[in-house]
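A.B. asks: This structure is in structure tokens; I'll ask about it shortly.
No lab work stands behind these numbers, since they all come straight from the coordinates. Keep in mind that what you see is a predicted model, and the values were worked out from it rather than measured. Here the Cβ positions follow ideal geometry from the backbone for every residue, glycine too, while neighbour counts run over all protein chains shown.
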Amino acid sequence: MPNTLQLLRDMIAIPSVNPMRANSGEPVEQRMANFIETVLSHARIDCERQTVAKGRDNVIGIVHATRSGANGLMLNSHMDTVPVDNMSINPFDPVIENGCVYGRGSCDAKASIAAILAAVIDYANRSERACPVVFAAMADEEFAFSGAWKLIEKSWPVAACVVGEPTLLRRVIAHKGIVRWRLVVEGVSAHGATPDLGRSAIYDGARVALALEEYTQHLAQAESHSMLGHPTLNVGKVIGGQSVNIVPDKCVFELERRLLPGEDGRLAMQACEEFLLGMLEQAVRFTFEEPYLVDPAMETAPDAKIVSALARAQQATLGFERELAGANYGTDGSKLAKAGIETVVCGPGDIAQAHTASEFVELEQLELATRMYGDLLANWNE
């Protein structure tokens, strides 16, 4: 089996920072994709690339079965990371200290890629392979999940998938979806010396913000999911005004609503808009723009084959089964589930360390994940 730790260190040293905006034209994952393709090619694993955007590819490796008729398995994780601003460590220097590997992406999610790569290569070296295995390294998970949407445009010889994310090896079978949009408050501009001749979009924006805060309390009273709790709303960004001596005629909010399984993103936006209309005086003028991200929630049955198979792999390699869990964040997994592929999210590392100033993953988690993925592949169709 390849040296998983060395794979991880090599990948941390390759910057793959997502600019967190659409169609930037920046080759975010290109060097990572080249590295992974080289590793797969050296292992004599068939490899292809899917263009997601200019300079941004998914990398897919396919290990063929030695017998026919078996349902295949996909292992999947993402190559991009969040930005490195304000990190307290060198983001691309994979330092090992106190049983941990530090660096941007060490936890989210290059540890998963390294463990999966090692397990897939080990499986490819077996003389008998009961099922086809697809390894997918994804672009643009951190911003728009565009790599995952591209992946499911094609049919793959698999019935199930494990998505590598930092879950502490818990088997995540449900996670929330997301809808993100801009709310534009419209005012009337005037000279700052005569504000009574205008109407401040920022003052009205403050009224909108307080109404949105009340809406979050309304959502907290909604019916909750056993693993995911209640839906939520967050106002993540506010922009308003042109100059200190001009009454602002526009104030723009960026919002995100986290969705429970079965919720429709556009209907969730509509419900929010109706609540605001009922709360605000008619003089407050605002509009909802079309959403710039709508991403579904995920929910997999606890008795699905992949859930049980992963439990057996954990029992064999860890000595115990990690619990079933839900997650409030989104993953590439919901797109695979939408395509009819039974999906579980499970990988090394703690989500509490993801995106942090001193991101790290424990070496023990990396080792356990590699063994777990290896056992899962070896016994998937037994």
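A.B. asks: Return the calculated 222 nm mean residue ellipticity for the chain, to the nearest 500 deg cm²/dmol, obtained by summing -39500 (n - 2.57) across DSSP H runs with n ≥ 4 and dividing by the residue count. Don't skip to the end; give the middle numbers.
C.D. replies: Values: 9 runs with 113 residues, N = 382.
That comes out to -9500 deg cm²/dmol.
A.B. asks: Could you work out how much longer the chain between R31 and Q282 gets when fully extended? Use 0.36 nm per residue separation minus the Cα distance between them, nm to one decimal.
C.D. replies: Values: separation 251, 0.36 × 251 = 90.36 nm, distance 5.31 nm.
This chain segment gains 85.0 nm when fully extended.
A.B. asks: Within the chain, what percent of beta bridges assigned by DSSP are antiparallel, to the nearest 5? The partial results should precede the final answer.
C.D. replies: Details: 49 of 69 bridges.
If we restrict to bridges inside the chain, about 70 percent are antiparallel.
A.B. asks: Which one, T300, A65, T331, projects farthest toward the positive side of the charge dipole computed for the chain from Cβ point charges (K/R +1, D/E -1)?
C.D. replies: Ranked along the dipole, the leading option is A65.
A.B. asks: Additional query: Any idea what angle helix 265-279 forms with the longest principal axis of the chain, computed on alpha-carbon atoms, 0 to 90 degrees, nearest 10?
C.D. replies: 20 degrees
A.B. asks: Which lysines does K250 reach when only Cα atoms under 29 Å apart count, and residues fewer than 8 places away in its own chain are ignored?
C.D. replies: Within reach: K237.
A.B. asks: Please express the shape of the range 227-382 as an equivalent ellipsoid: the semi-axes are the square roots of 5 times the eigenvalues of the C-alpha gyration tensor, given largest first in whole angstrom. The partial results should precede the final answer.
C.D. replies: Numbers: eigenvalues 367, 80, 27 Å².
Value: 43, 20, 12 Å, ordered largest first.
A.B. asks: Please report, in debye to the nearest 20, how large the charge dipole of the range 1-145 is about its Cα centre when each Lys and Arg carries +1 at its beta carbon and each Asp and Glu carries -1 there. Each step should come with its number before you reach the end.
C.D. replies: Details: 12 positive and 17 negative charges, 76 e Å.
Computed charge dipole of the range 1-145: roughly 360 debye.
A.B. asks: Shifting gears a bit: Beyond 22 Å between alpha-carbons counts as too far, so tell me which of K154/K335; K176/K335; K150/K338; K110/K305 fall in that bin.
C.D. replies: Cα-Cα > 22 Å for K110/K305; rest within.
A.B. asks: Dipole of the range 177-295, Cα-centred, from +1 at each Lys and Arg C-beta and -1 at each Asp and Glu C-beta, to the nearest 20 debye?
C.D. replies: Values: 10 positive and 17 negative charges, 54 e Å.
Here the size comes out at about 260 debye.
A.B. asks: Within 13 Å, Cβ to Cβ, of D332, how many net charges do the neighbouring residues add up to if Lys/Arg are +1 and Asp/Glu are -1?
C.D. replies: On the way: positive: K150, K335, K338; negative: D80, D108, D140, E141, E142, E165, D295.
In short, -4.
A.B. asks: Express in whole angstrom the spacing between the alpha-carbon centres of the range 226-292 and the range 70-117.
C.D. replies: A separation of 33 Å, based on Cα centres.
A.B. asks: For the chain, what is the charge dipole size about the Cα centre, in debye to the nearest 20, if Lys and Arg each add +1 at the Cβ and Asp and Glu each add -1 at the Cβ? The partial results should precede the final answer.
C.D. replies: Values: 33 positive and 49 negative charges, 147 e Å.
My answer is approximately 700 debye.
A.B. asks: If you project the alpha carbons of the range 177-295 onto the principal axes, what extent comes out on each, in Å, largest first?
C.D. replies: The Cα atoms of the range 177-295 stretch 55, 25, 18 Å along their principal axes.
A.B. asks: On to the next question. Roughly how large, in nm² to one decimal, is the mean projection of the convex hull of the alpha-carbon atoms in the chain? Provide the component values of the computation, followed by the final result.
C.D. replies: Numbers: hull surface 81.4 nm².
Its Cα hull, projected and averaged over all orientations, spans 20.3 nm².
A.B. asks: Moving on. Taking a temperature of 20 °C and a viscosity of 1.002 mPa s, what whole-number D in µm²/s does Stokes-Einstein yield for the range 140-193 with Rh from Kirkwood over alpha carbon pairs? Write down the numbers at each step before the final one.
C.D. replies: Values: Rh = 16.1 Å.
Estimated via Stokes-Einstein, D reaches 133 µm²/s.
A.B. asks: In addition: Kindly state, to the nearest 0.05, the FRET efficiency for E290 paired with A209, given R0 = 22 Å and r defined as their beta-carbon distance. It would help to have the intermediate numbers written out before the result.
C.D. replies: Numbers: r = 21 Å, r/R0 = 0.97.
Result of the calculation: an efficiency of 0.55.
A.B. asks: Right, here's the next one. Once the Cβ-Cβ distance between E97 and A193 is put in as r, and R0 is 56 Å, what FRET efficiency do you end up with, to the nearest 0.05?
C.D. replies: Values: r = 59 Å, r/R0 = 1.06.
So the FRET efficiency works out to roughly 0.40.
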